[in-house]
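> One structure, pasted below without further comment.
No value in this document is a laboratory result; all are computed from the given coordinates. The shown structure was predicted, so the numbers you read here are calculated from the model rather than taken from an experiment.
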Amino acid sequence: MEFEEYVSARGQELVRLGFTVSGDYQRAEDLAQIALMQAFRSWRKVRKADDPHHYVRRILINAYLSMTRRRSFSEAPTAELDPQRTVPDHATSIVNSDDLWRALAALSARERVVLVLRYYQDLDDRTIADMLGIKPSSVRATASRALANLRTTRQSQRIDERLS
């Protein structure tokens, strides 16, 4: 598979993954661009991998985790964006519920990535562990902790609704 074919076939999927982990469409585009740029630099190696898409997804996830480790993201948009370009696709509208984003925002970057890879990308623990460079047991523990945090967040939202 040539690089251009890969981008045509999987580019939008990478943007959706970036959006799901970051919650920001422009940052998702940046993440997809970073992943594709790095994949292009070593496309011969990527193409020979057992699963090239897994390889590129891992680049995107690593870019996101690196981005969250910095104190702030240094790029800021300076011009108005084309409204047609920022219209979310169907998958984005499903994922983009206010309660979900508030709950996900409360999680750490690693917890959010683990849940997205497990439930949105439907990857198994071993694959997620490989992508993050951790053990499968750490993936399970992180997912368990993240789900417990989501449950706690959901319960506190219900209590707040009752008190309002």
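> Through the Karplus equation 6.51 cos²θ - 1.76 cosθ + 1.60, θ set to phi - 60°, convert the phi angles of segment 15-25 into ³J(HN,Hα) values in whole Hz; use x for Gly and Pro.
So the Karplus estimates, Gly and Pro as x, are 5, 4, 4, x, 5, 5, 7, 9, x, 9, 5 Hz.
> So what does log10 I(q)/I(0) come out to for segment 1-63 at q = 0.17, 0.22, 0.26, 0.28 Å⁻¹, using the Debye formula with one equal point on every Cα and no solvent?
-0.49, -0.80, -1.08, -1.22
> Hey, what's the Cα Rg ratio for segment 110-153 versus the globular rule of thumb, 2.2 N^0.38 Å?
Cα Rg divided by the expected 2.2 N^0.38 Å: 1.04.
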